[in-house]
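Some notes on the structure that comes next.
The values are calculated or read from the model by the stated rules, or taken from the named source; none is laboratory data. Since we're looking at a predicted model, the values are computed, not measured. All Cβ positions, glycine included, derive from the backbone under ideal geometry; neighbour counts span all protein chains shown. Calculation scope for accessible area: heavy atoms of the full protein, side chains included, ligands and nucleic acids excluded. Shrake-Rupley method; radii C 1.70, N 1.55, O 1.52, S 1.80 Å.
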Protein chains: 2
Amino acid sequence: MSSSAPFAPRPAPPYYAVIFTSQRTDGDAGYGAMAAEMGALAAAQPGYLGAESARGSDGLGITVSYWRSLEDIAAWRAVLAHQAARDRGRAGWYSHYELRVARVEHAYGWDAADGSADPMGTPGTPAASPA
Amino acid sequence: MSSSAPFAPRPAPPYYAVIFTSQRTDGDAGYGAMAAEMGALAAAQPGYLGAESARGSDGLGITVSYWRSLEDIAAWRAVLAHQAARDRGRAGWYSHYELRVARVEHAYGWDAADGSADPMGTPGTPAASPA
């Protein structure tokens with residue numbers, strides 16, 4: 001369904017991104033288990049394309065999940081709402097978050113193994129290869 | 001220009017996001033100074049709306065910067081290209097990155113201080129307040 005690599009695949013745009021930026025509270029309180037479960041659940045949803053996630057030692061994290069369509073995202077959010085109703089503890093996991101839904105219009109990647117000498121310098125070649 | 005808080009403002013959509021996911025190599029090699037400089041430079045660009053950034057202990061990081069228009073992003077990328085030509089060391093900072101440009105269509109936030117008991121459970125109220 002999805003690779004375990006830290007980078008999401010790169011299908012041809014357009015597709016959709018859900019950008020979730022959150023500030024974690026202190027302590028785990030079941031968060032780690034929930035996050036793993038939700039990641040697996042997301043990966044099993046129709047239209048899921050992949051996700052990337054990072055969280056610093058200050059507790060600020062960004063997870064971006066990628067989806068084929070807005071309808072797929074709406075269906076996923078319905079699943080999330082169902083989970084939220086079950087997980088009474090979740091109100092304590094975050095002190096703040098921002099969520100944005102965005103349509104990906106251009107995408108490209110760069111890898112050191114490709115031998116480019118100038119990453120980010122001349123990034124004008126959109127890559128459209130499916131993953 | 002921009003706040004120093006970890007969360008970017010939330011202007012009314014549509015606006016644009018540049019999602020930059022990167023794997024850092026080991027060691028600093030001037031990266032920290034460059035990142036601070038680039039952040040300040042971005043914040044001074046026309047159309048810059050804010051940014052959010054997180055990097056985990058594994059070196060995987062996500063920075064999302066927000067912009068008023070695609071034209072503003074193109075201008076920023078021209079600045080980046082100029083900097084890249086100057087910074088000969090940058091080829092060593094990343095082993096891989098993915099960059100996506102996306103149009104933000106919906107956005108909302110949640111804060112524990114607002115007293116909601118169910119974060120992410122019923123997120124269907126798009127917030128359009130400017131920050």
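Note the buried accessible area between A and B here, summed over both chains, with a 1.4 Å probe, in Å² to the nearest 100.
Its buried surface, counting both partners, is about 5000 Å².
Against the 2.2 N^0.38 Å scaling, with N counting residues, where does region B:16-115 land? I'd like the Cα-based Rg ratio to two decimal places.
Numbers: Rg = 14.8 Å, N = 100, 2.2 N^0.38 = 12.7 Å.
Ratio of Cα Rg to 2.2 N^0.38 Å: 1.17.
Rank these residues by their accessible area, most exposed first, probe 1.4 Å: B:D111, B:D58, B:D28. Please list the in-between numbers first.
Values: B:D111 40, B:D58 105, B:D28 85 Å².
Sorted descending by solvent-accessible area, the residues read B:D58, B:D28, B:D111.
Would you work out what percent of the accessible area of region B:1-102, with all protein chains in place, is carbon or sulfur (probe 1.4 Å)? Walk me through the numbers on the way to the answer.
Values: 2520 of 4320 Å².
Roughly 58 percent, rounded to a whole number.
Put simply, what bits of region A:4-32 lose 30 Å² or more of accessible area when the other protein chains are there, versus the chain on its own (1.4 Å probe)?
A:P6, A:F7, A:R10, A:I19, A:T21
How far apart are the A:A78 label points across copies, placing each 7 Å from Cα toward Cβ, in nm, shortest first?
Output for A:A78: 4.7 nm, nearest copy listed first.
Counting each pair of different Cα atoms once, what's the Kirkwood radius of region A:1-42 in Å, rounded to one decimal? If you can, show how the numbers build up before the last one.
Values: mean 1/r = 0.0767 Å⁻¹.
Hydrodynamic radius (Kirkwood, Cα only) of region A:1-42 equals 13.0 Å.
If each label sits 7 angstrom from Cα along the C-beta direction, how far apart, in nm, is A:A29 from its counterparts in the other copies?
4.1
Would you mind getting me the FRET efficiency between B:R68 and A:L70? Use the beta-carbon distance for r and R0 = 22 Å, nearest 0.05.
0.45
Within 10 Å, count the other beta carbons around each residue, average over each peptide in B:94-104, B:47-57, A:30-40, and list them highest first. Provide the component values of the computation, followed by the final result.
Working: B:94-104: 21.6, B:47-57: 18.9, A:30-40: 13.6.
Per-residue Cβ counts within 10 Å, averaged per peptide and sorted highest first, yield B:94-104, B:47-57, A:30-40.
So the label point goes 7 Å from the Cα of B:D58 along Cα→C-beta, right? Which residues of region A:46-63 then have their backbone N under 19 Å from it?
A:49-63
Within 10 Å of each Cβ of B:41-53, how many other protein chain Cβ atoms are there on average? Write out the running numbers ahead of the final one.
Numbers: counts 0, 0, 0, 0, 0, 0, 0, 0, 0, 0, 0, 8, 5.
Average neighbour count from other chains, rounded to a whole number: 1.
Suppose the chain between A:D28 and A:E105 were pulled fully straight at 0.36 nm per residue; how much longer would it get relative to their current alpha carbon spacing?
On the way: separation 77, 0.36 × 77 = 27.72 nm, distance 3.63 nm.
Contour length minus Cα-Cα distance gives 24.1 nm.
Dividing the alpha-carbon Rg of region A:38-83 by 2.2 N^0.38 Å yields what? Walk me through the numbers before you get to the answer.
Details: Rg = 11.6 Å, N = 46, 2.2 N^0.38 = 9.4 Å.
After normalising by residue count via 2.2 N^0.38 Å, the value is 1.23.
Averaged across B:78-84, how many Cβ atoms of other chains sit within 10 Å of each residue's Cβ atom? Intermediate results must be reported in sequence, preceding the final value.
Working: counts 0, 0, 4, 6, 1, 2, 6.
Average neighbour count from other chains, rounded to a whole number: 3.
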